[in-house]
Amino acid sequence: MALKLLSKLRNQNLQITRNRNLHRLLDAARFFSEQPVSNLSTPDDSKFIIKNKQQTTTSSLKQHELAKFAAISDTWWDSEGPFKPLHNMNPTRLAFIRSTLCRHFSKDPNCARPFEGLKIVDVGCGGGILSEPLARMGATVTGVDAVEKNINVARIHADLDPETSTIEYCCTTAASYLAEVAGIIERLYSASLMKKVIEHVAAPAEFCKSLAALAYPGGATVISTINRSMRAYATAIVAAEYLLHWQRTLCLGISSACNLLIAVVGGGGGVKLPKGTHQWSSFLTPEELVLILQRASINVKEMAGFVYSPLTGRWSLSDDISVNFIAYGTKDGQ
Ligand SMILES: C[S@@+](CC[C@H](N)C(=O)[O-])C[C@H]1O[C@@H](n2cnc3c(N)ncnc32)[C@H](O)[C@@H]1O
């Protein structure tokens, strides 16, 4: 079984930024191929089981996570607020999405509206920070989020510009949305995207299955998330959520030391996040994500990391996937 999976992964011609990463992925594949899919879900899934007449499904919702986003929903478009990291990362993640989707759909990445003719679903769209530029690039965009306040903010903001007012926003989960469109090929998408969401859901494997099913056969999926590494713990949690909070109450000298530490470990992006935004145990390693996606009929073709430069205050794409990373995959079939 493990060997079959390994050779399948090798045959996929996975384009990963470093061979070292490819070996790590294959090693992990050997381990995870022996684990049932349910082991890749968080232990508190049982609280979120929804039963209906036909089947038992595991809901992707973590109510306490959703409450965190609802509480700060009016700050989505404040580029200096809690969502500053997402605003800062946007050009970099859009560059990856533009290059991979243009390659996949044979579009010209250099034209003004490269996504003309593509239907894209942005799952866990929040206030629409990513959905809006996708619409400006010509895509027909649907944004889906489980928090009503987020969807309201996204709708109001998108309506301010005729180019983004075309975005369709729905307050629902990926699974419920899928139940609506399942079996109607015209309602499926060229690409399904999920940015910084999987680390907030209860059942990542189920969630990815819904995400994959929203794309038509031969379509694409792009996912970004945070690696469950020690470095991610140091930067995305300790530095971004705690040190920068303490910094407010400490003297200037210590404050500079905090900044230096954050700059040295990198990846925190020099931004202050609300405490409890992330739970390290909910992060997935790239190896786990590849396996989960594979089981959802998505073959990961390319992966890249995001790194933050404290000198320029900017994010860029890198071969370092130890903290923030993004993956592009294609869906089986034509
Ligand atoms: C960190 S935000 C990311 C927002 C957006 N994708 C971006 O990168 O700009 C995570 C979003 O996922 C949403 N979310 C969490 N669990 C969800 C679920 N099961 N179904 C749909 N949305 C969910 C939250 O409400 C929140 O808006």
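The values are calculated or read from the model by the stated rules, or taken from the named source; none is laboratory data. As the structure is a prediction and not an experimental result, all values here were calculated from the model. Neighbour counts are summed over all protein chains in view; Cβ atoms, including those assigned to glycine, are modelled from backbone coordinates with ideal geometry.
A few remarks follow.
- Of residues in region 151-174 being touching a strand residue (DSSP E or B) at 6+ places or on another chain (Cβ under 8 Å) and in a loop (DSSP other than H, G, I, E, B), the one nearest to the ligand (Cβ to nearest atom): 173
- Flag for residue 198 being β-branched (Val, Ile, Thr), in contact (Cβ under 8 Å) with a residue 40 or more places away in the chain and touching a strand residue (DSSP E or B) at 6+ places or on another chain (Cβ under 7 Å): yes
- Lone unmet requirement of (1) within 8 Å of the ligand (Cβ to nearest atom); (2) more than 20 Å from the chain's Cα centre (by Cα); (3) not hydrophobic (A, V, I, L, M, F, W, C) for residue 117: (1)
- Number of positions in region 55-81 that are modelled with pLDDT under 85, in contact with a helix residue (DSSP H, G or I) (Cβ under 9 Å, 6 or more places away or on another chain), more than 7 Å from the ligand (Cβ to nearest atom) and part of a loop (DSSP other than H, G, I, E, B): 1
- Region 92-113: number of residues that are without any contact (Cβ under 8 Å) to a residue 60 or more places away in the chain and either within 15 Å of the ligand (Cβ to nearest atom) or buried (at least 22 other Cβ atoms within 10 Å of the Cβ) (or both): 1
- Residue within region 175-186 that is within 9 Å of the ligand (Cβ to nearest atom), out of contact with any Cys (no Cβ under 8 Å at 6 or more places or on another chain) and assigned by TED's automatic domain parsing to the domain that holds residue 208 present: yes
- Region 114-125, residues that are within 21 Å of residue 178 (Cα to Cα) and crowded, with 24+ Cβ neighbours inside 10 Å: 120, 121, 122, 123, 124, 125
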